[in-house]
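The values are calculated or read from the model by the stated rules, or taken from the named source; none is laboratory data. Since the structure is predicted, the reported quantities are computational estimates derived from the model, not experimental observations. Cβ: placed from backbone, ideal geometry, glycine included. Neighbour counts: every protein chain shown. To get the accessible areas, we keep the full protein, side chains included, count just its heavy atoms, and leave off ligands, DNA and RNA. Shrake-Rupley method; radii C 1.70, N 1.55, O 1.52, S 1.80 Å.
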Amino acid sequence: MKLSVVLSTQSAQFQAATFKGDLETNLARIASLGYQGVELAIRDPKLVNYDELERITKAHNLSVPAIGTGQAWGEEGLSFTDPDPAVRQAAIERIKSHIPGAARFGAIIIIGLIRGIVKPGVGQAQAETWLCEALQECSRAAQADGVRLALEPINRYETTLVNSTAQGRDLIEKVGAENFGLLLDTFHMNIEEPQIEDSIASCAERIFHFHVADSNRWYPGAGHLDFSSILAELSSTGYQGWISGEFLPLPDAETAAQKSIEYLMEILH
Ligand code: LER
Ligand code: MN
């Protein structure tokens with residue numbers, strides 16, 4: 001299992017995007033701390049120069065295991081479950097527009113809060129149907145380019161659509177696409193799962209990506225989660241993917257990223 005950390009390619013309100021700001025400086029820092037990859041939060045692929053991104057990541061020997069898409073919701077309000085069909089369509093098109101960039105880097109496309117929330121006047125069942133249909137359409141489009149999509153169960157304080165791994169597994173059944181799986185995040189799991197290790201085991205080969213933050217959303221080691229046990233369980237599922245740090249930049253991004261990698265390397269080796 002290799003280690004990456006989240007970097008937003010543009011300014012963002014989302015607090016746990018660990019690194020924000022100048023790309024060149026931040027990628028150099030991330031590489032010098034010993035990370036092998038960087039997870040990129042990209043609001044809109046149109047705003048990104050992919051040639052430049054590839055040049056800088058390659059110069060620092062950094063892979064791009066995953067692309068976060070939630071800022072299209074956070075900054076623009078796009079979602080798969082908006083009552084306005086034009087907004088739902090725009091969210092689908094936005095996710096599809098990530099496919100070429102994801103194919104280029106061999107990255108997974110993350111479906112976080114772009115799924116949306118259940119808005120007033122929309123029933124939970126209707127929102128779930130829209131969500132499933134959008135995921136079927138996006139998974140089909142990504143399949144053609146060999147790209148995988150990972151939906152992240154997110155805690156109840158952010159959305160009522162797919163909070164737990166059990167709900168995530170139900171959705172996998174409904175979507176019915178081989179390239180659709182889950183991103184598990186220890187911060188959300190600590191809030192929603194009865195037992196984190198059992199939930200990891202229940203998702204097994206459908207775990208496409210993994211976020212780590214401690215119970216307080218600080219870097220691993222700063223809270224009370226048992227990462228030795230969590231990562232041992234993840235490993236025993238046969239997971240070969242990335243462990244991606246998505247934690248608050250506290251006391252500052254560099255210190256948090258350094259403490260995290262030191263702590264995780266000790267557990268993993
Ligand atoms: C994004 O990966 C995440 O974990 C969410 O909390 C975003 O709102
Ligand atoms: Mn996350």
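Suppose we filter the stretch 28-59 for residues that are open to solvent by less than 50 Å² (accessible area, probe 1.4 Å) and farther than 24 Å from residue 97 by Cα; how many remain? Break it down stepwise before answering.
Let us first name the residues in the stretch 28-59 that are open to solvent by less than 50 Å² (accessible area, probe 1.4 Å), namely 28, 30-31, 33-35, 37-42, 44-45, 48, 50, 53-54, 56-57.
Those still in the list that are farther than 24 Å from residue 97 by Cα too: 28, 30-31, 33-35.
Selection size over the stretch 28-59: 6.
Somewhere in the stretch 176-184, is a residue of a type outside the set (A, V, I, L, M), more than 24 Å from residue 74 (Cβ to Cβ), surrounded by 18 or more Cβ atoms within 10 Å (Cβ to Cβ) and at pLDDT 95 or above? Yes: the stretch 176-184 contains one or more residues that are of a type outside the set (A, V, I, L, M), more than 24 Å from residue 74 (Cβ to Cβ), surrounded by 18 or more Cβ atoms within 10 Å (Cβ to Cβ) and at pLDDT 95 or above.
For the stretch 48-100, name all the residues that are farther than 27 Å from residue 1 by Cβ and within 16 Å of ligand 2 (Cβ to nearest atom). Result: 72, 73, 74. Scanning the stretch 61-83 for residues being over 13 Å from residue 117 (Cα atoms) and surrounded by fewer than 17 Cβ atoms within 10 Å (Cβ to Cβ) gives a total of 3.
Annotation note: of 215, 229, the sole residue that is within 16 Å of ligand 1 (Cβ to nearest atom) and either at pLDDT below 95 or small (Gly, Ala, Ser) (or both) is 215.
Please work out if residue 168 is within 16 Å of ligand 1 (Cβ to nearest atom) and at positive phi. Give the derivation first.
Numbers: within 16 Å of ligand 1 (Cβ to nearest atom): yes; at positive phi: no.
Considered against the rule, which asks whether it is within 16 Å of ligand 1 (Cβ to nearest atom) and at positive phi, residue 168 comes out as no.
Scanning the stretch 208-229 for residues that are surrounded by 23 or more Cβ atoms within 10 Å (Cβ to Cβ) and touching a helix residue (DSSP H, G or I) at 6+ places or on another chain (Cβ under 9 Å) yields 210, 211, 212, 213, 219, 220. Looking at the stretch 65-105, which of its residues are of a type in the set (S, T, N, Q), part of a helix (DSSP H, G or I) and in contact (Cβ under 8 Å) with a residue 40 or more places away in the chain? Selection gives 71 alone. Of all residues in the stretch 140-162, those being within 16 Å of ligand 2 (Cβ to nearest atom) and open to solvent by 20 Å² or more (accessible area, probe 1.4 Å) number 3. Of the candidates 39, 24, the single residue that is under 21 Å from residue 218 (Cα atoms) and not basic (Lys, Arg) is 39. The set of residues in the stretch 20-63 that are free of Cβ contacts under 8 Å to residues at least 60 places away in the same chain, among the hydrophobic types (A, V, I, L, M, F, W, C) and not in a strand (DSSP E or B) comprises 23, 27, 28, 31, 42, 47, 48, 53, 56, 59, 62. Note on the stretch 101-134: among residues that are within 17 Å of residue 153 (Cα to Cα) and touching a strand residue (DSSP E or B) at 6+ places or on another chain (Cβ under 6 Å), the one that is surrounded by the most Cβ atoms within 10 Å (Cβ to Cβ) is 110. Among the candidates 181, 176, the residue that is under 23 Å from residue 151 (Cβ atoms), more than 14 Å from ligand 2 (Cβ to nearest atom) and touching a Lys or Arg at 6+ places or on another chain (Cβ under 6 Å) is uniquely 181.
Scanning the stretch 172-202 for residues that are in contact with a strand residue (DSSP E or B) (Cβ under 6 Å, 6 or more places away or on another chain), within 16 Å of ligand 1 (Cβ to nearest atom) and not aliphatic (A, V, I, L, M) turns up 181, 185, 186. Within the stretch 4-27, how many residues are more than 13 Å from ligand 1 (Cβ to nearest atom) and open to solvent by 10 Å² or more (accessible area, probe 1.4 Å)? Total meeting the criteria: 9.
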